[in-house]
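Colleague: Starting off with a structure, shown below.
The values are calculated or read from the model by the stated rules, or taken from the named source; none is laboratory data. Small disclaimer: the values here were computed from a predicted structure and weren't measured. Cβ placement follows ideal geometry from the backbone for every residue including glycine, while neighbour counts extend to all protein chains displayed. Side chains included, ligands, DNA and RNA excluded: accessible areas come from the protein's heavy atoms. Shrake-Rupley method; radii C 1.70, N 1.55, O 1.52, S 1.80 Å.
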Amino acid sequence: SGPVNIEVVDPLLNIEKTFWNRSGTQEITRAEPGDTVTIQLILTNSGTGPVYDIEITDPLSTKFNAASIAAVDIPAGFTFEVKGSDVIIRGDGAMLPGDIVIFRFSAQLNSRLSDTNILNEATVTAADTVPGDSIYQRDHSGAVAEDTLSVRKPPLPPQPPVIDPVGPGEGGSSGIDE
């Protein structure tokens, strides 16, 4: 017998996180207290093998209003859940090599925030041997994505100039000689 070639397959999960405006049309790095922002997560399997039982956890800061968290775009085969202020996205199917999946959800910033920066991380875990629970399962964890959102109060509107109702040198008189 001769040499046997064995192809080793191994998934490689990458996750990217960005903040977008409310309508999801423009990436942002800055928002104002009370704004609703869209959070986008892009999950990529750039390895050579499939992954199963995907779970993304995105613990949103308490600087977001947990009651406002809502799914915007969650692809088929994935579920979206909010526990407290944590967003949990699960997939029960296979994610094949080269697959790219995009998730979007929204959340409102607390309106009482002062100037602050919010560093937010999302983590993905998955299994790469067989779908479902198995004692032979090999789990992958630790792919992390983070983004920072700068929250600033809006500038005060310009104040109109103060007009002195009494003209210069008039001293409050009517200006009529008596």
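Colleague: Note the full-extension length gain between D86 and T123 as 0.36 nm times their separation in residues minus their Cα-Cα distance, in nm to one decimal.
Modeller: The D86-T123 span can extend by a further 12.2 nm.
Colleague: Binning at 10 angstrom from zero up to the longest distance, how are the C-alpha pair distances of region 54-95 distributed in percent?
Modeller: 29, 51, 18, 2
Colleague: Something else now. I6 to A76: FRET efficiency via 1/(1 + (r/R0)^6), r the Cβ-Cβ distance, R0 41 Å, to the nearest 0.05?
Modeller: It comes to 0.75.
Colleague: A follow-up question, please. Would you work out what percent of the accessible area of region 1-136, with all protein chains in place, is carbon or sulfur (probe 1.4 Å)?
Modeller: 49
Colleague: Region 1-130: D in µm²/s via Stokes-Einstein (Kirkwood Rh, Cα pairs, 4 °C, 1.567 mPa s)? Walk me through the intermediate numbers first.
Modeller: Working: Rh = 16.0 Å.
Value of D from the Cα-based Kirkwood radius: 81 µm²/s.
Colleague: Here's another thing I want to ask about it. Excluding same-chain residues fewer than 8 positions from K153, which lysines have a Cα within less than 16 Å of its Cα?
Modeller: K63
Colleague: If you look at just the Cα atoms of region 3-47, how large are its Rg and its Dmax in Å?
Modeller: Rg then Dmax for region 3-47, in Å: 18.5, 65.
Colleague: When Lys and Arg each count +1 and Asp and Glu each count -1, what net charge do the other residues less than 15 Å away from V87, Cβ to Cβ, add up to?
Modeller: Working: positive: K17, K63, K83, R90, R104; negative: E55, D58, D73, E81, D86, E121, E146, D147.
Around V87, the surrounding residues sum to -3.
Colleague: Keeping every protein chain present and rolling a 1.4 Å probe, give me the accessible area per residue for region 1-152 in Å².
Modeller: Accessible area per residue: 54 Å².
Colleague: Oh, and also: Roughly how many nanometres apart are two label points built 7 Å out from the Cα toward the Cβ at S150 and E55?
Modeller: Distance between label points: 3.6 nm.
Colleague: If R₀ is 25 angstrom, what is the calculated FRET efficiency for the pair N65 and D115, using the beta carbon separation as r and rounding to 0.05?
Modeller: Efficiency for this residue pair is about 0.85.
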